[in-house]
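Below is one structure, written out as structure tokens, with a few remarks after it.
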Ligand code: CAA
């Protein structure tokens with residue numbers, strides 16, 4: 001397996017285990033992550049998910065460059081489409097909160113993975129960026145859409161066009177990450193965040209995620225979605 005799963009006190013920790021490639025996302029990792037997130041949706045023992053990378057150097061150093069170096073346009077399009085459908089969109093739409101514990105480099109598809117999560121906590125050694133244009137491509141796993149949503153269009157364009165990395169402090173200043181902590185307290189901080197969410201109604205938490213996402217969907221009136229979700233809350237036991 002290329003991912004490690006550990007369940008404790010309602011929190012599922014998923015660790016990407018490809019340290020020799022700085023946890024780069026190949027098709028197998030994407031498939032295994034998608035399956036784990038899927039199963040967690042109906043697992044009553046799981047109330048929150050924390051996603052991190054193995055080792056102390058990288059969260060995820062991107063999509064696996066070696067896998068797509070010789071791709072045609074058609075294959076490139078399929079890679080982005082399948083990755084978004086199978087994993088990135090599903091993480092964003094997870095009914096259970098997903099927290100990225102960014103423990104080092106989060107580049108390209110790695111940053112895009114963190115962007116699809118609901119909350120990001122970074123260790124002080126983390127470095128983040130979308131280097132794709134330096135490789136002659138553009139972000140393909142949602143980076144051109146989710147980065148502007150999170151940091152604003154100006155900062156997102158600076159990061160995407162310059163291909164430069166930002167350090168953890170700068171990431172916190174521009175809202176890219178929710179908090180920066182020393183590397184040794186990263187996981188505990190992520191768990192603390194998870195536990196603070198888990199104190200609340202799981203139904204209301206998942207409905208709130210749904211309502212927030214609605215505002216970013218084409219053709220959906222976010223305020224109307226909120227009204228509907230607010231009403232639906234009263235129909236639940238919680
Ligand atoms: N894909 C495949 N292998 C990768 C990788 C990636 N994205 N990133 C790192 N690796 C591998 C390296 O090839 C190397 O393997 P070997 O020892 O077998 O050569 C190993 O991981 C260690 O990497 P480095 O020796 O390069 O480590 P470093 O400390 O010198 O540098 C780094 C670290 C700055 C993160 C550097 O590895 C790097 O720049 N990686 C590539 C980052 C990148 O461009 N990511 C974007 C990918 S494109 C994308 O994600 C497209 C998309 O949106 C869909």
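Candidates are the residues of segment 51-63 that are more than 7 Å from the ligand (Cβ to nearest atom) and closer than 15 Å to residue 131 by Cβ; the one that is surrounded by the fewest Cβ atoms within 10 Å (Cβ to Cβ) is 59.
Of the residues making up segment 33-56, those that are over 14 Å from residue 8 (Cα atoms) and free of Cβ contacts under 8 Å to residues at least 40 places away in the same chain number 4.
Within segment 37-48, being within 26 Å of residue 108 (Cβ to Cβ) and surrounded by fewer than 18 Cβ atoms within 10 Å (Cβ to Cβ) holds for one residue alone: 38.
Taken over segment 187-238, the criterion of being without any contact (Cβ under 8 Å) to a residue 40 or more places away in the chain and touching a strand residue (DSSP E or B) at 6+ places or on another chain (Cβ under 8 Å) is satisfied by no residue. Taking segment 165-183 on its own, how many of its residues are touching a helix residue (DSSP H, G or I) at 6+ places or on another chain (Cβ under 8 Å) and free of Cβ contacts under 8 Å to residues at least 40 places away in the same chain? The total comes to 3. I'd like to know if segment 11-24 contains one or more residues that are away from the ligand (no atom under 16 Å from the Cβ), touching a residue at least 40 places away in the same chain (Cβ under 8 Å) and in contact with a helix residue (DSSP H, G or I) (Cβ under 6 Å, 6 or more places away or on another chain). Yes, the conditions are met somewhere in segment 11-24. For residue 31, the requirement of being assigned to a helix (DSSP H, G or I), within 16 Å of the ligand (Cβ to nearest atom), over 18 Å from the mean Cα position of the chain (by Cα) and at pLDDT 95 or above is not met. Looking at 91, 119, just one residue is away from the ligand (no atom under 13 Å from the Cβ) and within 21 Å of residue 140 (Cβ to Cβ), and that residue is 91. The set of residues in segment 130-148 being more than 8 Å from the ligand (Cβ to nearest atom) and under 15 Å from residue 100 (Cβ atoms) consists of 142, 146, 147.
Just wondering, is there one or more residues in segment 12-24 that are farther than 23 Å from residue 129 by Cα and surrounded by 15 or more Cβ atoms within 10 Å (Cβ to Cβ)? Within segment 12-24, one or more residues are farther than 23 Å from residue 129 by Cα and surrounded by 15 or more Cβ atoms within 10 Å (Cβ to Cβ). Just to be sure, is residue 162 surrounded by fewer than 18 Cβ atoms within 10 Å (Cβ to Cβ) and away from the ligand (no atom under 11 Å from the Cβ)? Here the answer is yes, as residue 162 does meet what is asked.
Listed by first and then second residue, the pairs linking a residue in segment 71-90 that is over 29 Å from residue 209 (Cβ atoms) to a residue that is within 12 Å of the ligand (Cβ to nearest atom) and at pLDDT 95 or above, with Cβ atoms under 8 Å apart and 6 or more places separating them unless they lie on different chains, are 71/79; 76/137; 76/140. Flag: residue 45 does not match the condition of being within 18 Å of residue 113 (Cα to Cα), more than 16 Å from the ligand (Cβ to nearest atom) and out of contact with any helix residue (DSSP H, G or I) (no Cβ under 7 Å at 6 or more places or on another chain). Report yes if residue 149 is under 22 Å from residue 95 (Cα atoms) and touching a residue at least 60 places away in the same chain (Cβ under 8 Å), otherwise no. Judged against the criteria, residue 149 is a match.
Yes/no per residue for (1) surrounded by 17 or more Cβ atoms within 10 Å (Cβ to Cβ); (2) modelled with pLDDT under 95; (3) closer than 20 Å to residue 40 by Cβ:
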residue	(1), (2), (3)
78	no, no, no
90	yes, no, yes
95	no, no, yes
107	yes, no, no
114	yes, no, yes
120	yes, no, yes
128	yes, no, no
135	no, no, no
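With respect to being over 26 Å from residue 194 (Cβ atoms), within 13 Å of the ligand (Cβ to nearest atom) and out of contact with any helix residue (DSSP H, G or I) (no Cβ under 7 Å at 6 or more places or on another chain), residue 66 fits the description.
The values are calculated or read from the model by the stated rules, or taken from the named source; none is laboratory data. As the structure is a prediction and not an experimental result, all values here were calculated from the model. As a convention, Cβ positions derive from the backbone with ideal geometry for all residues, glycine included, and neighbour counts pool all protein chains shown.
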